[in-house]
2 protein chains.
Amino acid sequence: MQNNNAVIAAEAYNYPLLIKQLWSAPLVHSPNQEIVYRGNIRLSYSSVRSRVACLANVLSGAGVSMGDTVAVMDWDSHRYLESYYAVPMMGAVLQTVNIRLSPDQVLYTLNHAGPKVVLLNSEFLPLYLEIREQLTSVETVIWISDEAEAAPTSIPVLGSYETLLAEASADYDFPDFDENTRATTFYTTGTTGNPKGVYFSHRQLVLHSLATMAALGSSAKGQNFHTGDVYMPITPMFHVHAWGIPYVALMLGVKQVYPGRYQPDQLLKLIQDEGVTFSHCVPTILQMLLNTPGSDKVDLSEWKVVIGGSALSDGLARAAIKRGIDVFGGYGMSETCPLLSLAQLRPALGELSEDEQILYRCKAGTPVPLVDLRTVDHDMNDVPADGQTSGEVVVRTPWLTQGYFGNPEASDELWAGGYLHTQDIGISERGYLKITDRIKDVIKTGGEWVSSIEIEDLLSKHAGVIEAAVIGAKDEKWGERPVALVVANNDTPPSVAELKAHLQVFADEGQMSRYAVPDQILFIDSIDKTSVGKINKKVLREKYGN
Amino acid sequence: MQNNNAVIAAEAYNYPLLIKQLWSAPLVHSPNQEIVYRGNIRLSYSSVRSRVACLANVLSGAGVSMGDTVAVMDWDSHRYLESYYAVPMMGAVLQTVNIRLSPDQVLYTLNHAGPKVVLLNSEFLPLYLEIREQLTSVETVIWISDEAEAAPTSIPVLGSYETLLAEASADYDFPDFDENTRATTFYTTGTTGNPKGVYFSHRQLVLHSLATMAALGSSAKGQNFHTGDVYMPITPMFHVHAWGIPYVALMLGVKQVYPGRYQPDQLLKLIQDEGVTFSHCVPTILQMLLNTPGSDKVDLSEWKVVIGGSALSDGLARAAIKRGIDVFGGYGMSETCPLLSLAQLRPALGELSEDEQILYRCKAGTPVPLVDLRTVDHDMNDVPADGQTSGEVVVRTPWLTQGYFGNPEASDELWAGGYLHTQDIGISERGYLKITDRIKDVIKTGGEWVSSIEIEDLLSKHAGVIEAAVIGAKDEKWGERPVALVVANNDTPPSVAELKAHLQVFADEGQMSRYAVPDQILFIDSIDKTSVGKINKKVLREKYGN
């Protein structure tokens, strides 16, 4: 037998999966493609790549080396994008700071991650001044200002971003290193306790990018992302690397548009002026864009939008489709880098009516390549994929956080049994996963489990409902009872009786349990959200659950 | 600084890139999708997955374990496909035997790779009997026969494939192991010396599959492979894993059609009956299908075809496009797993006429994700991508053979300077690589380098030319002079003078060097090919080069 006779050439290149290599192909096929900031600044791919090298030289000059952390506090910008590459490519760790957290929490995450340098947008100076004296690791700040505002003297500033880049060399020999080197870190916005730090390696980000590109390109018709698209993220770049899609956009070689701070008018204008065809956002943002005055004058019929963070409701999906938007769900979370599944319409659904297909657009969808996704009972046995039986969604993929920073207990809980526990409850049918609830949000009433998301979805179908949230309120007799909180459409405000009757129809048809029709429906002005735009059920329960 | 404080949960799953995981998503979204053999046998994805487990149990029973080699000698079939999974997934090595080699060479490759078990199609029994006494490693044979032919008693046979599978358990717990474990091996069909063995690991095949899926899905319009397609390979499954596309087809969840032995009528019938929309082949096969009597009655207007192995000529591209075929080039080789680049029409080419775009379809194309492809001079410096300057194509990707089996010298030559040397000469422009020649096929005349492929391509544009090969013949004055060997179209046979005048036009226009117009043009009946369908210039030089 000669089969252990494999020769490895002395100089054979043992290719590590590193973020720098995402540039290899696009610099060849798309060096002149545009990266646009707010419609004002236009850079080519090759000049952004040069600026990435300049930024690395600036950071290097500031003492950043392998293993050090660099934090960014900015709106979505070309600069943020440059940090997505420069920091990890030099072997350092990028901390994307959630600037919507409270000052205390921002302080906590900065001191926990320990950045040496902070890239600070002038708009966050007040926040920064509030916490600066308690910062334990930051040595210097790189000052960012769209308005050419001078850097403050009250904090240690290395210089202004553009000035520093202009003075730096565009030569930087990004080294090879172990693909398991940490590339990024950020903090989840759990509603209990301190934010928890997750972290991702070069290998994980490269594999996530490849699998996401493969999945998004695979759809026969629509719900896809291809070389002819124009991309604009509307998920903050501090939030799970804007779902990793900027890395995919690079590999595709498409025009990329970064909108700065999210302002509905400005977002709609960019979609129109720049010809944006592919975005992703949470439901609230899409809702907001559709309801912005003048939105109906913008042609959205070429726009494809992945909805994540929370489920895409039936009502929102229909409103979007009416505008010509190719809207579909995606599923994942901070711990999962994030992508796990996409609700693209597979050809087998072609036998359904367009109306029935909308149901599938609203699901979590089918797993992307390499995702081993199971729905299990308490003993980790698979539950039947019968469209009826629910279980916890647990996953394995090559791009899951291996734990939480400095929190072994939560880490072990996350990975109990060798699968990452999403804490989401799901049901599968035709290969499509539907998330019916978070484990902690499920409502237990009279021994029955009721899905809050299902009731929200059915409420959203009513024309008088703009948005709905359902929580469990304590009940002496039943343990819990569902309470619906509704933001009404002021043009056609519904009554409580109307909404109950609306739900009763679904209960009579067997589409929802009779126990699930809420006794209480309250009209409120707005629904509390977390910093990343999800319904904040913890706050709602505190307000309305007792 | 707390940033080295990363916690890895005790049970966190450190996901290795293994071929078994290609099944995770498709078993969820496409369990009932079809895999078809010759239009007769239809299996679902989930039943093929069960049969993969059965095959692993059969092989295990035959004594195959981690690190052992299993050879396959079959036409393209569902059985071959099952071996693509079962053998590597159990940690063994799949040897795909090139059954078009001479018996001596088949013997050499079998003894060199050392398989314990051979899966043998009855059609190769005569070949097998010729070499069996000299086989040094084979312990038993699994007998394959479409015609239910009884297994011969003259060789040690474990049993018939279908009978063995029927008797085996469909439970096999495919283990996790190091992703760098070797998965496959096969032998290049170099025209000099013994065939050289290349080998690929699980990690390499998974990454190749992901990047290929990502690249093939990325095209805005046409030249793509998506969930709505029906796939049929027409590149032998013994040849570089049928370019790795069966693995991509699985991840997409598309219908797959395996045609058995390639018979033009049968291939056309399958395209028609099964609705095939995506294939790949060498130019000769496409040529043959277009020229098969009755081919014009088959609707090929939904068919997308990647051409590799040799360059797609302008003449063949036009003939295919006239039939409605979306034909485009791909580039790679045995050593590269194989895919390096694809000639998809990127949106930037939209400014060109359809006629000019055909030129780009005929190139090697733009690099796929993670491919670091350079065109270099003798000192490994990049040559300008100006559409003029040629250099050797050298590459780095995560899926390149790290050497040749038991051949350290050739291995070190392959990897000199840390890049894999393709031995192809290329020119780049607009990001598209064009291969102008193999280093050893380039013609040196009067101090000038002349590309044989370029002359072949220009000759192919003439309606009287079915196929052309150009070689260098020894010449006392000029060193070498190009000689053109032409297979003429008998309907409109051209004269030598006509073909010279045809080429002279391009020389006058500056599209080719005046030195490149061959002095001699010979009409021959057929052009010698290698076992994988490439023009065999070594044989042609021996016949016509002196």
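The values are calculated or read from the model by the stated rules, or taken from the named source; none is laboratory data. In this text, all values refer to a predicted model and were calculated from it rather than measured experimentally. All Cβ positions, glycine included, derive from the backbone under ideal geometry; neighbour counts span all protein chains shown.
Taken over the range A:411-453, the criterion of being aromatic (Phe, Trp, Tyr), within 23 Å of the chain's Cα centre (by Cα) and farther than 14 Å from residue A:375 by Cβ is satisfied by A:415 alone. Scanning the range A:1-56 for residues that are more than 26 Å from residue B:430 (Cα to Cα), in contact (Cβ under 8 Å) with a residue 12 or more places away in the chain and within 7 Å of another protein chain (Cβ to nearest Cβ) yields one hit, A:17.
Within the range B:237-264, which residues are more than 19 Å from residue B:48 (Cβ to Cβ) and of a type outside the set (Ser, Thr, Tyr)?
Selection gives B:238, B:239, B:240, B:243, B:261, B:263, B:264.
Of all residues in the range B:199-242, those that are closer than 18 Å to residue B:87 by Cα and touching a strand residue (DSSP E or B) at 6+ places or on another chain (Cβ under 6 Å) total 7. Pull up the range B:89-109, narrow it to residues that are in a helix (DSSP H, G or I) and closer than 23 Å to residue B:19 by Cβ, then point me to the one that is nearest to the other protein chains (Cβ to nearest Cβ). Ranking the qualifying residues of the range B:89-109, first place goes to B:109. Hey, does the range A:330-349 have a residue that's small (Gly, Ala, Ser), over 30 Å from residue A:202 (Cα atoms), away from chain B (no Cβ under 14 Å) and surrounded by fewer than 17 Cβ atoms within 10 Å (Cβ to Cβ)? Within the range A:330-349, none of the residues are small (Gly, Ala, Ser), over 30 Å from residue A:202 (Cα atoms), away from chain B (no Cβ under 14 Å) and surrounded by fewer than 17 Cβ atoms within 10 Å (Cβ to Cβ). Just one of the listed residues (A:42, A:51) is assigned to a helix (DSSP H, G or I) and either within 22 Å of residue A:178 (Cβ to Cβ) or not β-branched (Val, Ile, Thr) (or both), and it is A:51.
On the stretch given as the range B:110-125, residues that are in a helix (DSSP H, G or I) and aliphatic (A, V, I, L, M) total 3. Among the conditions (1) away from every other protein chain (no Cβ under 14 Å); (2) surrounded by 21 or more Cβ atoms within 10 Å (Cβ to Cβ); (3) of a type in the set (Gly, Ala, Ser), residue A:150 misses just one, which is (2).
When the residues of the range A:81-118 are narrowed to those that are polar (S, T, N, Q) and either touching a Ser or Thr at 6+ places or on another chain (Cβ under 6 Å) or in contact (Cβ under 8 Å) with a residue 40 or more places away in the chain (or both), which ends up farthest from residue A:174 (Cα to Cα)?
A:105
Residue A:180 meets the conditions (1) within 28 Å of the chain's Cα centre (by Cα); (2) free of Cβ contacts under 8 Å to residues at least 24 places away in the same chain; (3) not in a loop (DSSP other than H, G, I, E, B) in every case but one. The failed one is (3). In the range B:295-320, the residues that are not assigned by TED's automatic domain parsing to the domain that holds residue B:535 reach residues that are among the acidic types (Asp, Glu) with C-beta atoms within less than 6 angstrom, at least six apart or across chains, in these pairs: B:304/B:326; B:313/B:457; B:314/B:457. When A:142, A:131 are checked against the criterion of being in a helix (DSSP H, G or I) and either surrounded by 20 or more Cβ atoms within 10 Å (Cβ to Cβ) or at pLDDT 95 or above (or both), A:131 stands alone in meeting it. Looking only at the range B:115-134, residues that are over 18 Å from residue B:238 (Cβ atoms) and within 14 Å of chain A (Cβ to nearest Cβ) come to 1 in all.
Collect the residues in the range A:65-119 that are among the hydroxyl-bearing types (Ser, Thr, Tyr) and crowded, with 22+ Cβ neighbours inside 10 Å, keeping them in residue-number order. The answer is A:69, A:77, A:80, A:83, A:84, A:85, A:96, A:109. Based on what the data block shows, is residue A:257 out of contact with any Cys (no Cβ under 9 Å at 6 or more places or on another chain), modelled with pLDDT of 95 or more, closer than 25 Å to residue A:119 by Cα and within 10 Å of chain B (Cβ to nearest Cβ)? Taking the combined requirement at face value, the residue does not satisfy it.
Residue count for the range A:366-412 under the criterion of being without any contact (Cβ under 8 Å) to a residue 60 or more places away in the chain, within 7 Å of another protein chain (Cβ to nearest Cβ), out of contact with any Lys or Arg (no Cβ under 7 Å at 6 or more places or on another chain) and within 28 Å of residue B:253 (Cβ to Cβ): the result is 1. Residues in the range A:507-534 that are crowded, with 20+ Cβ neighbours inside 10 Å and at pLDDT 90 or above: A:516, A:517, A:518, A:521. How many residues does the range B:195-221 hold that are within 7 Å of chain A (Cβ to nearest Cβ), in a helix (DSSP H, G or I) and not aliphatic (A, V, I, L, M)? Number of matching residues: 1. Among residues of the range B:119-132 that are assigned by TED's automatic domain parsing to the domain that holds residue B:81, those with a Cβ under 7 angstrom from a residue that is surrounded by fewer than 17 Cβ atoms within 10 Å (Cβ to Cβ), sequence gap 6+ or separate chain, pair up as B:122/B:145; B:122/B:149; B:125/B:152; B:127/B:103; B:129/B:154; B:130/B:103; B:131/B:103.
Taking each residue of the range A:422-444 that is more than 14 Å from chain B (Cβ to nearest Cβ) and touching a residue at least 12 places away in the same chain (Cβ under 8 Å) and looking for partners that are of a type in the set (Phe, Trp, Tyr) and part of a strand (DSSP E or B) with beta-carbon atoms closer than 7 Å, six or more apart or interchain, yields A:435/A:331; A:442/A:449.
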